[in-house]
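J.: The structure's right below; bear with me while I get my questions together.
The values are calculated or read from the model by the stated rules, or taken from the named source; none is laboratory data. Computed from a predicted model, the values in this text were never measured in an experiment. When we count neighbours, we look across all protein chains shown, and the Cβ atoms used for this are built from the backbone with ideal geometry, even at glycine. Calculation scope for accessible area: heavy atoms of the full protein, side chains included, ligands and nucleic acids excluded. Shrake-Rupley method; radii C 1.70, N 1.55, O 1.52, S 1.80 Å.
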Amino acid sequence: MQDIEISGDMIRLGQLLKLAGAVDTGADVRPLLADGLVTVNGEVETRRGRQLHKGDVIALDGDPVRLV
């Protein structure tokens, strides 16, 4: 599992996916969410603006990252 460090208390899901290099633009996030490929703490997430906090585990197509 890869750790990704964030500077503040939270980050939005779309921003994290860009930071992690999973997508190039925010528009690229929507199809991934619509197809159910993104999970947050083991549950499918469909909201691009979902607030994520340190300790959350996000997986794109089964490849997890943890916020630290």
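J.: According to a simple spin-label model (label point 7 Å from Cα along Cα-to-Cβ), what is the distance in nm between R30 and K54?
T.: Label-label distance for K54 and R30, simple model: 3.4 nm.
J.: Could you work out the relative contact order of the chain? I mean the mean sequence separation of Cα pairs under 8 Å and 6+ apart, divided by the number of residues, in percent. Could you put the intermediate results ahead of the total?
T.: Values: 107 pairs, mean separation 27.9, N = 68.
Normalised by residue count, the contact order of the chain is 41 percent.
J.: For segment 16-68, what % of the accessible area comes from carbon and sulfur atoms, probe 1.4 Å?
T.: Here carbon and sulfur together make up 46 percent of the probe-accessible area.
J.: For a quick check: with amide H placed at 1.01 Å from N, whose amide H comes under 5 Å from L52's, ignoring anything fewer than 5 positions away on the same chain?
T.: I11, R12, L13
J.: Compute the accessible area per residue over the chain, keeping the other protein chains in place, probe 1.4 Å, unit Å².
T.: Details: 4170 Å² over 68 residues.
Heavy-atom accessible area per residue stands at 61 Å².
J.: Same structure again: Loop only per DSSP, at most 11 neighbouring Cβ atoms within 10 Å: give me the GluC sites (Glu not before Pro) in the chain, ordered by residue number.
T.: Those that pass, being in a loop and sparsely packed, are E5.
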